[in-house]
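Below: the structure, in structure tokens.
The values are calculated or read from the model by the stated rules, or taken from the named source; none is laboratory data. These figures come from a predicted structure and were not determined experimentally. Ideal geometry is used to build each Cβ from the backbone, glycine not excepted, and the neighbour counts take in all protein chains shown. Surface areas here come from the heavy atoms of the whole protein model, side chains and all, with no ligands, DNA or RNA. Shrake-Rupley method; radii C 1.70, N 1.55, O 1.52, S 1.80 Å.
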Amino acid sequence: MKRIAAFFLAVILALTSAAGLHFLAEQRVHADGNAFASWSGDGKFPAREAILKNLDDHTILTFGSSEFQHGVKTPYHPGNVFQNTDFQMMLIGAGYYQSLSHAITLASLGDQVKTKEAVLFLSPQWFRKAGVQPEAFTSRFSESHYIAMLENTHLRKKVKDYMIQRSQELLKPDPSLQKRTRLYNRVLYTGGASMTDRLNYRIYTRFLKEKELQTAVMQMTKDRIPATSDSSKPDQSPDFAALLQQSVKDGEAENQDNPFYMDDNIYKWKVRPFMKKKKNQSLKGSYSSSPEYDDLRCFLDVCQDLGIRPLIVMLPVNGYWYDYTGFPKEARADYYQKIRSTVSEYNASLADFSDQEYTKYFFEDGVHIGKKGWVLINESIYQFYQENKET
């Protein structure tokens, strides 16, 4: 009898502890708006509930990849540029995130956002011949966003079918994950789910939701993301002219010894030692044919279905570096034109930075945005937000 009592006491204590941890996480996940929005911790991106709890009327969903982790400690990163304004860019993305992942995430969040705009940074390197690699897609796949996408009734069947079929193809490196997505499909979309399927779905998704919440909160604590504050921020615009001027001064001071106008430290330690290998290695380079174009169209289809106004930020290549590697200018021009045509098909807004290939200090390295690049891009996004705010 004592053993039975001890067992039930242990169960009660475990449940009480779990409830307490959940309550604490629910409280802690509300963070300082700017700090959470500009934070690029891996625990943030798949945690749907954490993102939703940190959106407000002045937050715009901003999708991209590894550029969000570059320049964080400079005054030109969006987290610092918009620190004293009410406008925030909710950065979603890191290395290996591309158009399809972002289409699924937008389909998950789009009906819940208060600001009906979204920004997508396009990296030219996404548009290699093979498109997103299965291993890369699998490593960044969010089950919670996929489930919410399936539940979204505003998506056309062809759009949802595309995301389902493409995901199944790309999830082959992880058979267990692929199997779970098929379960989600049966329960939420295609039908044919058994009672066992539905029970497994309910149990696992509850675990998944709690796991994502706890992971996000633990990483927020580790990265010292401050809690939410009641103090309101001034409604003022950044001084982009002053930032642009300062970015050039900083670039001139810090770029003393390289022909590519990258950050000197990156050039000295990560580029110069390998330059001989890189010389003319991309003579046959091209971004003209890639499944990424259809994935981009999927993202724009989701925008149409959900009434989201998209801004596509077309990042350029570092012209100095690409010339050195031999990547043809004609191939670069063809890529830029394909993006213009695709965006035009959807009557979407385009921030076209293709004319910045040879702008000094635009890049931190061969591909990532640097000081001047961040200033120009932040200004274009802020203007897009202001224009739609006034309409």
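May I ask you to list the trypsin sites (Lys or Arg not before Pro) in segment 206-315 that are in a DSSP loop and have at most 11 other Cβ atoms within 10 Å of their Cβ?
Hits after loop and neighbour filter: 224, 279, 284.
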The long-range amide H neighbours of residue 90, using H built 1.01 Å from N in the peptide plane and a cut-off of under 5 Å, are 60, 61, 62
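Just in segment 87-151: which trypsin sites (Lys or Arg not before Pro) are loop by DSSP and have at most 10 other Cβ atoms within 10 Å?
On the way: sites: 114, 116, 128, 129, 140; in loops: 114, 116, 128, 129, 140.
Those that pass, being in a loop and sparsely packed, are 114.
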Give the long-range amide H neighbours of residue 31: residues separated by 5 or more places, or on another chain, with amide H under 5 Å away, using H modelled in the peptide plane at 1.01 Å from N. 228
Quick one: 3J(HN,Hα) in Hz for segment 117-122, Karplus 6.51/-1.76/1.60 with θ = phi - 60°, rounded, Gly and Pro as x. 10, 8, 10, 10, 7, 9
Sorting 346, 50, 303 by the position of each Cα along the dipole of the chain (Lys, Arg +1; Asp, Glu -1; all at Cβ), the one nearest the positive end of that ordering is 50
Counting only C-alpha contacts under 8 Å and six or more residues apart, can you give the relative contact order of the chain as a whole percent? 23
For segment 250-391, alpha-carbon Rg relative to the globular expectation (2.2 N^0.38 Å, N residues): 1.19
Between residue 369 and residues 5 or more places away or on another chain, which pairs have amide H atoms under 5 Å apart, with H built 1.01 Å from N, and which residues are they? 364
Would you mind checking the pairs 73/389; 268/329; 114/389; 276/329 and listing those with alpha carbons more than 18 angstrom apart? 73/389; 268/329; 276/329
Formal net charge of residues neighbouring residue 74 (Cβ-Cβ distance under 12 Å; K, R +1; D, E -1): -1
Carbon plus sulfur fraction of accessible area for segment 253-391, probe 1.4 Å, in percent: 47
Could you sort 101-108, 195-202 so that the peptide with the highest average Cβ count within 10 Å comes first and the rest follow in order? 101-108, 195-202
The chain: most fluctuating residue of 88, 125, 69 per GNM, C-alpha cutoff 10 Å: 125
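Can you list which of the DSSP-assigned H helices in the chain have a Cα extent of 27 Å or more along the long axis and an average Kyte-Doolittle score of at least -1.0?
Qualifying helices, which must be both long enough and hydrophobic enough, are 2-28, 195-222.
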Ranked output for segments 48-61, 339-352 by mean other Cβ atoms within 10 Å, highest leading, reads 48-61, 339-352
Please report the antiparallel percentage of DSSP beta bridges with both residues in the chain, rounded to the nearest 5. 10
